[in-house]
Structures are given as C-alpha cells and as structure tokens.
Amino acid sequence: MTARARKTKAKAAEPFEPGLVPAPGELLVWKHHEHFDRWRDLACVLCKKPTPMRSHGGEPVHKTCAEGWIAAHPVKAREGRFASDARRKTGKSYDDHA
C-alpha cells in the first residue's frame, strides 16, 4: 500500500458526528464532505426547495434554513436536530481556512 493510499484511507475514517448547536444567530460549521450529496438534490425539509445539503441525521436541508430554524426555535434546537461538526483534535486551529 502506498503512502498516498494510506493517507486517503485514514482521511475517509474521520468521524462524522455532530458537535455543538450554535447559539441563535450564529453560523453552523458544516465542513465535512458528508453534508453535501453531489449526486442528487432533495427537497429541503424546511423550505421544500431542492438542496444537495444534508444534516448530520441525513435530512436534506439548506444550511441557511437550518440556521434560521435554530434562531426561531432556540429551546427545541438544543435537542440537536441541526448541529455543527465536531471539532477534530489536531494541532491546527479549527478555523484555519482562508
């Protein structure tokens, strides 16, 4: 097995699990590739328009619709229907992208 194949296999094994629910008005962090279905769009569970985005539970939902739902339902949002990605434990800062 080459180093490149090992690296790809290790990257695929990253956990896809929910993290914290953002406070109302804050943004969700959905960086994991499992939030995007490149093969098909389904109707958003909140606005009914097509979207390739998926929540941690697999629900088709626009990220902005989920953020709006969290702001409109702050108590129910604590149940974790829509949450940010869990932070990876690496030496880098979590938000180190450009």
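Things worth noting here:
- Proximity of backbone amide H atoms, modeled 1.01 Å from N, is registered between R54 and F36, D37, V61 at under 5 Å, excluding neighbours fewer than 5 places apart on the same chain.
- Under the convention that each Lys and Arg Cβ holds +1 and each Asp and Glu Cβ holds -1, the size of the dipole of the stretch 32-81 around its Cα centre is about 100 debye.
- Site pair A86 and D41 shows an inter-label distance of 3.2 nm when each label is modelled 7 Å from Cα along Cα→Cβ.
Bear in mind these aren't lab numbers, they're just calculated from the coordinates by the rules spelled out. These numbers were taken from a predicted model, which means no experiment stands behind them. Neighbour counts run over all protein chains shown; Cβ positions are idealised from the backbone, glycine included.
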